[in-house]
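Participant: What follows is a single structure, and I will ask about it in a moment.
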Amino acid sequence: MNQSSGAAYNEPPYLSVVIPVYNEEENLPELGRRLFATLDKLNQPYEIVFVDDGSSDRSWEIISRMYQDHSGQVHGLQFIRNFGQHPAIFAGFQAARGQVIVTLDADLQNPPEEIPKLLAKLAEGYDTVGGWRETRRDSFFRRLPSAFINWLMSKVTGVHLKDYGCMLRAYRREVIDSINQCHESTSFIPALANMFSRRIAEVPVRHEERTRGKSKYSLVKLIRLNFDFMTGFSHLPIHAVGILGLLIAIIGLGFGLFLIIRRFWVGPEVEGVFTLFAILFVFSGLQMFGLALIGEYVGRIYREVRQRPRFVVREELGNSGE
């Protein structure tokens, strides 16, 4: 272990790197090797907080081995089951003790060698620095919904960022302390951090193809994340549905008046029945969408009222008393 770079757990380190892990046994050894090599070059005390999000492979065994080899620099948390990436990051934030906290995925698509670039930008006086995957190595069907989410989040939050989905991000201690005071069951961390940051910046970072393992974010999970963001940070969807409903009501009223006038001047037509059915289907579809959207907000209220924990830790390696 590099004692000059490590920090005993009774001395808070300068840097904490929080890494959510879910079935990444193929990537963890390479990640550890590259991450320790990168952080040792900083000549600052650091810690790495691995959060095993209920992996079913050997991920926790590998994390335990890294803890044994670097006991003063590695902190490990193991969930009892899979709670999701963002709850895992929340757990890492609560365990992290550094003055600067960096989040990083375990799949090596965001190279750990890019961390110094974020720290240099943060040293210019920024509170939050996000990575911007300038050249993404994902498929078109993965980039398209991400582009929409980035556009939507920029509009809703008022903070224009090119890449809200990049997990390689750096935060000051004050921002993390504010995030740790938020106890909602579901939240989107980059947007939440923006609420507590005065100065926010982005820096371009490399993005590499996944060479081992499988992506844990399917299209369904991206849509789910998008709904969590929209209903957690904005009333815009409800307002949009209300305005749309008002416009449709006005159009429907106008069309009804048109049919009445037409009946007096031209007479009824059998074909008009199909037009009415088509309009009815459109209205019914919009009503169902509006009810689903309202149900999403009600569901969030239900989850918050129950006050169930975001996560449950089965085992922990390393603690403040060590």
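The values are calculated or read from the model by the stated rules, or taken from the named source; none is laboratory data. Given the structure is predicted, the values throughout are model-derived calculations rather than measurements. When we count neighbours, we look across all protein chains shown, and the Cβ atoms used for this are built from the backbone with ideal geometry, even at glycine.
Participant: Can we say T38 is closer than 26 Å to R310 by Cα, modelled with pLDDT of 95 or more and either surrounded by fewer than 24 Cβ atoms within 10 Å (Cβ to Cβ) or out of contact with any Cys (no Cβ under 7 Å at 6 or more places or on another chain) (or both)?
Facilitator: no
Participant: Within the group Q44, Q73, Q85, Q99, which residue is under 22 Å from D177 (Cα atoms), touching a residue at least 40 places away in the same chain (Cβ under 8 Å), assigned by TED's automatic domain parsing to the domain that holds E174 and surrounded by fewer than 20 Cβ atoms within 10 Å (Cβ to Cβ)?
Facilitator: Within the list Q44, Q73, Q85, Q99, the selection yields Q99.
Participant: Is one or more of the residues making up the stretch 133-152 surrounded by 19 or more Cβ atoms within 10 Å (Cβ to Cβ) and at pLDDT 75 or above?
Facilitator: Checked the stretch 133-152: at least one residue is surrounded by 19 or more Cβ atoms within 10 Å (Cβ to Cβ) and at pLDDT 75 or above.
Participant: Of these, Q85, Q44, Q94, which one is touching a Ser or Thr at 6+ places or on another chain (Cβ under 8 Å), of a type in the set (S, T, N, Q) and within 30 Å of E124 (Cα to Cα)?
Facilitator: Q44
Participant: Considering only the stretch 183-230, how many residues are modelled with pLDDT of 65 or more, of a type in the set (D, E) and within 14 Å of P87 (Cα to Cα)?
Facilitator: Matching residues across the stretch 183-230 total 1.
Participant: Any residue at all in the stretch 17-34 that's part of a loop (DSSP other than H, G, I, E, B), exposed (fewer than 15 other Cβ atoms within 10 Å of the Cβ) and at pLDDT below 95?
Facilitator: So far as the stretch 17-34 goes, no, none of its residues is part of a loop (DSSP other than H, G, I, E, B), exposed (fewer than 15 other Cβ atoms within 10 Å of the Cβ) and at pLDDT below 95.
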